[in-house]
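Accompanying notes for the structure given below.
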Number of protein chains: 2
Amino acid sequence: MSEVYAARRTRLRDCCNAGGSAAALVSRPANVRYLAGPAPSGAVLLLGRTEDQDLLVCGESPDDRPTQPRPDDALRVHTLPGNDGDPAVAAAGLAAEGGDSLAVEEHHLTVARHRAIASVAPRLRLTNLGCAVEQLRVVKDEEEISCLRIGAEIADQALGELLESILVGRTERHLALELERRLVDHGADGPAFPTSVATGPNAGRRAHRPTDRRVEEGDFLSVCLGATYRGYRCEIGRTFVIGTTPADWQIELYDLVFSAQRAGREALSPGAACRDVDRAARQVLDSAGYTEGLPRLTGHGVGLEIDEDPQLSPAAMGKLDACVPVTVEPGVHLPGRGGVRIDDTLVVRPEADGGPELLTITTKELLAL
Amino acid sequence: MSEVYAARRTRLRDCCNAGGSAAALVSRPANVRYLAGPAPSGAVLLLGRTEDQDLLVCGESPDDRPTQPRPDDALRVHTLPGNDGDPAVAAAGLAAEGGDSLAVEEHHLTVARHRAIASVAPRLRLTNLGCAVEQLRVVKDEEEISCLRIGAEIADQALGELLESILVGRTERHLALELERRLVDHGADGPAFPTSVATGPNAGRRAHRPTDRRVEEGDFLSVCLGATYRGYRCEIGRTFVIGTTPADWQIELYDLVFSAQRAGREALSPGAACRDVDRAARQVLDSAGYTEGLPRLTGHGVGLEIDEDPQLSPAAMGKLDACVPVTVEPGVHLPGRGGVRIDDTLVVRPEADGGPELLTITTKELLAL
């Protein structure tokens, strides 16, 4: 893996040189992980002018964590004496010894930390690295996609096992905890985000936090979960009906959301505008009269964080590339009655490679449980 | 509860007026919760010159979350149109209409958000609110302590049940998940922090992340968990021996850490210097020759966050007050062999009221399981 991290740092170095900065300080945890591998909490990466100047600055020595995954072995590590202080401030002090400018992540550093950096390195010109690392992270390599694929398999397994158990009478909170236990049983590092289980009138609400409501006959049950595997986070959402026969309104609503979700999936291709993918899904719901209360976005990128670029929304700029994993997750929620969400993680692939690769393969038929 | 939140805002208003700022923007989530009650994620509080100018600015309407706890009913709410945009930036725009200065939380706002605020309100003088709200949060009222007390009871129950089950052969990860399930079973909102279960050579490591290592005969087993109850987070840590008879070195090490923890607990009193409490615990370990690798702190405040002021550490400034809940949690870890941690949550109380109130009452005898 060491060459992978080194190659990523080289690409960032190219961006920085183009931007006129000699050195960069990467502090956002997912960005540090992308460029340096798994590092102790709070660690920052100081990117130098050349590969051999790169330095991981940690508050805690990686050697004190023998059971944790290790950062890139080829990278020099500087551990703060006494395991104390702010690694970002210490890194800026080191950067001041070798250069005259430092690009920092202004969207991550607080005003107070930025000021502390400026005060230990008063001669250093602080510039803005912006979202350069986030942009590098958008297109994934096959190793990253393979982690997402395994995570999706784990989530599919956990969900499949839940569907085989008795659901009526159990609370949303218990079902969510059981899903999270099953994710870990099947090898996940942990859940990718707080598992959402929503029943009856709660069903179909995005990011619903599980309550003590119990599953009842006739309910919609919507579930959204994901596994983290080697740091990579995927997402799957499904909606079911509890009992033998779904009501007509349930079948109609389900079919509608399913059509919207399929339209979104089918719009995924390299070069497609993000807003066109969103529109493909959204106009199915719009044309059925569901114009109010639609979600702000119908999908988003996934990777080391669960909500990454690109966003699939009406205001999104930019186009999709091959090897970008995204969710497609339209939903409708009817206040007081419940609703439907269907959510997959897919990887954008060219037509010649078979089109979008579906990672979350649990059936999207309307199951009556 | 509404009067409680209003009274807290009045105290903050007094601080701001003393500091020369007419209005304040509170963005750190735990601070918003303290002053406004449970609010949607990302909400900020705009504190005006008078009570009736106070405003909760949300990206999502609290009415869209009917199953979630509600913010203070007496507080006006402004929901951003389209559920989009940054509530902090919108709040600054509103503040600019009514005043000429705004105190912001520079230790929480990123440089990028601070700049966005400055650009929507260019005539507003931005000052630093600092940790004013965190300082108000240090001393708890009896309602807050009662939430911590219930959380501690829940954690005691979850731990007690685990001790009655078979442990040998189970992995750290499974034990941690089972503890978290039991916390929720007993009424917790969720775990207060990621539950730590450490066996054998991992035992006694602070904030150890559970691995797939299985519990074996003769192991030390150390567990650290906590419940969140109505937003308040407590913490308990215990160490056990697996098997019938602890080895001599295990008994000695346990007795030592127990003595250090007791010394820390006994040093808690209103007016005691935080560093003296730390020293009381630390010098027991020091004098037994454990000078290397001691923890950076031996305790910390708890409340709406798991790691609040005050810190009990050699460099800590300040003194304890009555009604401040803190942990006392010294530990020793011997590389390759394991170690011991003992961790309680207590509330500082005057001698006349019986001295420190122990919230986590699980026995601290060395149990062989």
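The numbers here are math on the coordinates, done by the rules we state, and not lab data. Keep in mind that this is a model prediction, so the values were computed, not measured. Glycine also receives a Cβ, built like all others from the backbone with ideal geometry; neighbour counts cover every protein chain displayed.
Before moving on, here are some points about what is shown:
- Size descriptor for the stretch A:139-358, Kirkwood hydrodynamic radius: 17.4 Å (Cα pairs only, one decimal).
- Rounded to 5, the percent of DSSP beta bridges in the stretch B:2-137 classed as antiparallel: 35
- Shielding score for B:107-120, defined as the mean number of other chain Cβ atoms within 10 Å: 4
- Karplus 3J(HN,Hα) series, Hz, for the stretch A:162-173 with 6.51 cos²θ - 1.76 cosθ + 1.60 (x for Gly, Pro): 4, 5, 7, 9, 6, 10, 4, x, 8, 8, 4, 4
- Among residues other than A:TYR254 with Cβ under 10 Å from its Cβ, the summed charge is -2 (Lys and Arg +1, Asp and Glu -1).
- Neighbourhood charge, 15 Å Cβ-Cβ cut-off, centred on A:GLU153 and excluding it, Lys, Arg +1 and Asp, Glu -1: -3
- Couplings for the stretch B:354-361, taken from phi via the Karplus curve 6.51 cos²θ - 1.76 cosθ + 1.60 with θ = phi - 60°, read x, x, x, 9, 7, 8, 9, 9 Hz in order; Gly and Pro are left as x.
- Charge dipole (debye, nearest 20) of the stretch A:287-343; +1 at Cβ of Lys and Arg, -1 at Cβ of Asp and Glu: 300
- Dipole-positive endmost among A:LEU294, A:LEU320, A:LEU177 within the stretch A:139-358 (Cβ charges, Cα centre): A:LEU294
- When the trypsin sites (Lys or Arg not before Pro) in the stretch A:290-369 are filtered for DSSP coil states and for at most 15 other beta-carbon atoms within 10 Å of their beta-carbon, the remaining sites are A:ARG296, A:ARG337.
- Taking all Cα-Cα distances within the stretch B:2-137, those exceeding 21 Å account for 33%.
- Nearest-0.05 FRET efficiency for A:ASP353 and A:MET317, computed from C-beta distance (R0 30 Å): 0.70
- Helical content alone sets the calculated 222 nm signal of chain A at -11000 deg cm²/dmol, taking -39,500 (n - 2.57) per DSSP H segment of four or more residues and averaging over every residue.
- DSSP beta bridges in the protein assembly as shown [antiparallel fraction, %, rounded to 5]: 75
- Inter-copy spacing of B:ALA247 label points, which lie 7 Å from Cα along Cα→Cβ, given in nm from shortest upward: 6.5
- Using a 7 Å Cα-to-Cβ projection, A:PRO335 label spacings across copies, nm, ascending: 6.1
- Neighbour count of at most 12 Cβ within 10 Å plus DSSP loop: longest GluC sites (Glu not before Pro)-free window in chain B: B:1-163
- Potential extension, B:ASP84-B:ARG11 segment - 0.36 nm per residue separation minus Cα distance: 23.1 nm
- Environment charge of B:LEU129, counting only residues whose C-beta is closer than 9 Å and scoring Lys/Arg +1, Asp/Glu -1: -2
- Whether the protein assembly as shown is rounded, prolate or oblate, judged on the alpha carbon gyration tensor where a/c under 1.5 counts as rounded: rounded
- Note on the stretch B:135-214 and the stretch A:161-204: Cα centroid distance 20 Å, given to the nearest whole angstrom.
- Bridge type composition, chain B - antiparallel percent by DSSP, nearest 5: 75
- FRET E, pair A:ARG123, B:HIS107, Förster distance 25 Å, beta-carbon r, rounded to 0.05: 0.50
- Positive-end residue of A:ALA272, A:VAL89, A:PRO38, charge dipole of chain A with Cβ unit charges: A:VAL89
- Sorted shortest first, the distances from the B:ALA322 label point to those of the same residue in the other copies are 7.3 nm; each point sits 7 Å from Cα along Cα-to-Cβ.
- 0 to 90° range, to nearest 10: angle between helix A:274-287 axis and chain A longest Cα axis: 20
- If only the Cβ of Lys and Arg carry +1 and only the Cβ of Asp and Glu carry -1, the dipole of the stretch B:122-164 around its Cα centre is close to 700 debye.
- By the rule of a C-alpha distance below 27 Å, with chain neighbours fewer than 8 residues away ignored, the lysines paired with A:LYS140 are A:LYS319, A:LYS364.
- Rounded to the nearest 20, the size of the Cβ-charge dipole of the stretch A:2-136 about its Cα centre is 320 debye, with Lys and Arg at +1 and Asp and Glu at -1.
- Residues B:ARG11, B:ARG214, ranked from the fewest to the most other C-beta atoms within 10 Å, line up as B:ARG11, B:ARG214.
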